[in-house]
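The values are calculated or read from the model by the stated rules, or taken from the named source; none is laboratory data. Predicted, not measured: the structure shown is a model, and the values here were computed from it. So basically every Cβ, Gly included, is an ideal-geometry build from the backbone, and we count neighbours across all protein chains shown. Heavy atoms of the whole protein, side chains included, go into the accessibility calculation; ligands, DNA and RNA do not. Shrake-Rupley method; radii C 1.70, N 1.55, O 1.52, S 1.80 Å.
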Amino acid sequence: NPQMAVGNPQLFFLANENKAENLAGATSRTFLGVKIECAQCHAHPFAKWTKDQFWEFAAFYSAPPPNMRRVGGPVPVQPNPGFQSGREILIPGTDKVVKAKFLNGETPKWETLGSSRKTLTDWMTAPNNPYFARAMADHLWSYLMGVSLLEPIMEPSDDSPITHPELLNELAKGLIDNHFDAKFLIRAIVHSDAYQRSSGGAKLPEKEDYHLFVRMPMRALSPEQIYDSVFMATNDDVKKSSVEMVNPQQFNPNQFQSPRAQFLAKFMNQDRRHEPQTSILQALFMMNGKFMAERTKVENNANLQILARPTYQGGHPARIESMYRLVLSRVPRPAETERLVQYLERNTGSGELENAVGNIYWALLNSSE
C-alpha cells in the first residue's frame, strides 16, 4: 500500500543514516547472520573478517538507493568522485580504494546498467550462498525456540562454542531443498520433541542452559507485540485499530513521534526474550502513565461503556468473563470470578460501576499474563 509507511524500506535507510558502512553491517547481520562491523576499523581478535573485507562489502552501498524519495533525515549517500559508485569505495582516513566483493571473496560479474544493490541481493539469495539460508533458518528457529543458533557464530569466543552446527546446516539445507518455504521449516520445528515439551516442567537445580535446547523456553512478548496487544484490547473498532500509521519522521528526535514510537522508545527490543529485562520506568509508564490511563477510561472505549451498563446481560459474572476474553483471551477461573464479582458488588452506585469496570480492565492489562 503506497499510502502506508509501515515496512517502507526508506525507514531502514534513514535508521542507518544512509551510510555505506552502517548499511553493510546491518544487512550482513540480518540477512547473512554475519557480524562484520567489528572489522570496520581494525582486525577483530576473534572474527575472521578483515578490514578490507568489510569495506569491500560496504562498497555495494556506496551509491544511493535507486528511486529513493527524500522524506527527511540525513542526506542520501552521495556518489564518490573519481571512481565507480556502487562498485568501489574509499576507506575513510586512507587513500586506499577497494572494489566491491562478496563475503566469500568472489568478484561480482557486473551487468552494464545493473544496480550494485541488486547484484548483491542476487548473490545473497542464491541457493548456493553459504550464509543466507542459515541466517533465514536461524531467524525462524530463534523466533520459536527463543535462542539463536547463530549467536556463537556471530560472536565467537571460548565461552560460547558452536553447540549445534549440524542442526543449523540441516535446517538451512531443508530450506534450500524446499525453495525457501518458511512454512515448511516452521512445521518441522514445531513438530520436534524439543519444541513440544512443556515449558513449565520441573525446575533444574542450576540455571538452565538454553543453548542445549532441552525445551522451548518461556519468552516475553516483544515491545511491538505488547503495544499492538494493548492497542487491540482497548480499541472497540478492530478494522481501524489493526493498522497504525508510522511517521517516517520518527527517526528524527526533533519531530513529533507517534504513540507507538513513544511506547517502543521505553520498551527497547531485546535479543534474549527468554531472559527479559524490565525497568521501573516501564512499570511506571504502564501503571501510572497517561497512555494506559486514557485507554482504560470508560468514556474512551465503547466496549467498556457496554460492560458498564446496569442492564448488561448476565450481570457481574458475564462482565468479568467478557473482560478476560478481551484482554487475556481466556475465561476467568472460578476463584477469579468470585473475587471480582465481590468487588463489583461493592461498587454499584452512580458512577461507581463505570470506575470499577475500568479498574478491572486496567488490572488485567497490567498483569504479567
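Accessible surface area normalised per residue over the stretch 300-358 is 59 Å², counting heavy atoms of protein chains with a 1.4 Å rolling probe.
Please list Phe54, Phe180 in order of solvent-accessible area, largest first, computed with a 1.4 Å probe with all protein chains present. Working shown, then result.
Numbers: Phe54 0, Phe180 50 Å².
Result of the area sort, largest leading: Phe180, Phe54.
Here the calculated FRET efficiency for Ala318 and Arg187, from their Cβ-Cβ distance with R0 = 45 Å, stands at 0.70, rounded to the nearest 0.05.
Rounded to the nearest 0.05, the FRET efficiency derived from the C-beta distance between Asn178 and Asn347 at R0 = 51 Å is 0.35.
Would you list Glu345, Glu321 from the most to the least accessible area, probe 1.4 Å? Numbers along the way, then the final one.
Numbers: Glu345 110, Glu321 70 Å².
The most accessible residue leads, giving Glu345, Glu321.
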